[in-house]
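Undergrad: Have a look at this one before I ask anything.
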Amino acid sequence: MKQVILADIRSNYNVGAIFRTCDGAGVSKVYLTGFTPSPVDRFGRQVGEIHKTALGAEEFIPWEVVSDIIALIKKLKAQGVTIVAVEQAANSIKLPDFVLPESVAYILGSETEGLSPEVLAAVDQILEIPMLGQKESLNVSVTAGIVLYLGV
């Protein structure tokens, strides 16, 4: 079982693209934390940019807005879910060495800031996609596509 936690993703387009990838990759639930936009605004209206890039996938994937990411991590761990942050860190596991857990929740962080030290300290593993070119990182929605298709 795969789940996704989006932490402080700022772009509606990235959120929509990730929902579309989650649908294709068989993700069972998406959690939206921090300032990550949700597919429905506070007035109950569909967010156009998310809907456009998700092609409606946000209507099929269960999602939940969660205010406390650390509490969510603890809750999922108690349910036997392995929490994997996707981030560059000194103690990360490189993608080729990663062993896919049976039940996993991937945390994807802010496009500019990544994940907080507090979140990184709370997870079970940190997964890093090696960068072979000049740029330091990939777009968060591209990263989601890579990790969500591991083991498929």
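The values are calculated or read from the model by the stated rules, or taken from the named source; none is laboratory data. None of these values were measured; they are calculated from a predicted model. As a convention, Cβ positions derive from the backbone with ideal geometry for all residues, glycine included, and neighbour counts pool all protein chains shown. Surface accessibility is based on the protein's heavy atoms, side chains included, excluding ligands, DNA and RNA. Shrake-Rupley method; radii C 1.70, N 1.55, O 1.52, S 1.80 Å.
Undergrad: Taking all protein chains in place and a 1.4 Å probe, what share, in percent, of the accessible surface of the chain do carbon and sulfur account for? Write out the running numbers ahead of the final one.
TA: On the way: 4120 of 7940 Å².
C and S fraction of accessible area: 52 percent.
Undergrad: To the nearest 500 deg cm²/dmol, what mean residue ellipticity at 222 nm is calculated for the chain from DSSP H runs of n ≥ 4 alone, each contributing -39,500 (n - 2.57), summed and divided by the residues? Before the final figure, lay out the partial values.
TA: Details: 5 runs with 46 residues, N = 152.
Helix-only estimate at 222 nm: -8500 deg cm²/dmol.
Undergrad: What does the charge add up to near residue 75, with Lys and Arg as +1, Asp and Glu as -1, over the other residues with Cβ less than 13 Å from its Cβ? Mind showing how you got there, number by number?
TA: Values: positive: 29, 74, 77; negative: 64, 68.
Charge balance in the 13 Å sphere: +1.
Undergrad: Highest first, please rank the peptides 105-115, 53-63, 72-82 by the mean number of other Cβ atoms sitting within 10 Å of their residues.
TA: Numbers: 105-115: 20.0, 53-63: 17.5, 72-82: 15.3.
Per-residue Cβ counts within 10 Å, averaged per peptide and sorted highest first, yield 105-115, 53-63, 72-82.
Undergrad: Under the rule a/c < 1.5 gives rounded, and otherwise a/b versus b/c splits prolate from oblate, where does the stretch 68-133 land using the Cα gyration tensor? Walk me through the intermediate numbers first.
TA: Numbers: a/c = 2.34, a/b = 1.30, b/c = 1.79.
Note, shape of the stretch 68-133 comes out oblate.
Undergrad: Here is a further query. Given labels modelled 7 Å from the Cα in the Cβ direction, how far is it in nm from residue 1 to residue 79?
TA: About 0.6 nm separates the two model spin labels.
Undergrad: Under 21 Å Cα-Cα from residue 74, which lysines qualify once same-chain neighbours fewer than 8 residues away are excluded?
TA: Those lysines meeting the cut-off are 2, 29.
Undergrad: Which three extents, in whole angstrom, do the alpha-carbon atoms of the chain cover along their principal axes, largest first?
TA: Here the Cα extents, ordered largest to smallest, are 42, 39, 29 Å.
Undergrad: Now, a different point. Among DSSP beta bridges whose residues both lie in the chain, state the antiparallel percentage, nearest 5. Could the numbers behind the result be given before it?
TA: Values: 2 of 26 bridges.
Taking every DSSP beta bridge with both residues in the chain, the antiparallel ones total about 10 percent.
Undergrad: Along the Cα→Cβ direction, 7 angstrom out, place labels at residue 97 and residue 41. What is the inter-label distance in nm?
TA: Placing both labels 7 Å along Cα→Cβ, they lie 4.7 nm apart.
Undergrad: Then there's this: Solvent-accessible area per residue for the stretch 1-76 at a 1.4 Å probe radius, Å²?
TA: Numbers: 3740 Å² over 76 residues.
I get 49 Å² per residue for this part.
Undergrad: Hey, which lysines would be in cross-link range of residue 135, C-alpha to C-alpha under 19 Å, not counting anything within fewer than 8 residues on its own chain?
TA: Within the straight-line limit of under 19 Å, residue 135 reaches these lysines: 94.
Undergrad: Still on this structure, I have one more. Using packing as a proxy for protection, rank 125-132, 29-36 so that the peptide with the highest average count of other Cβ atoms within 10 Å comes first. Show your work: numbers first, answer last.
TA: On the way: 125-132: 15.6, 29-36: 19.4.
Per-residue mean Cβ counts within 10 Å order the peptides as 29-36, 125-132.
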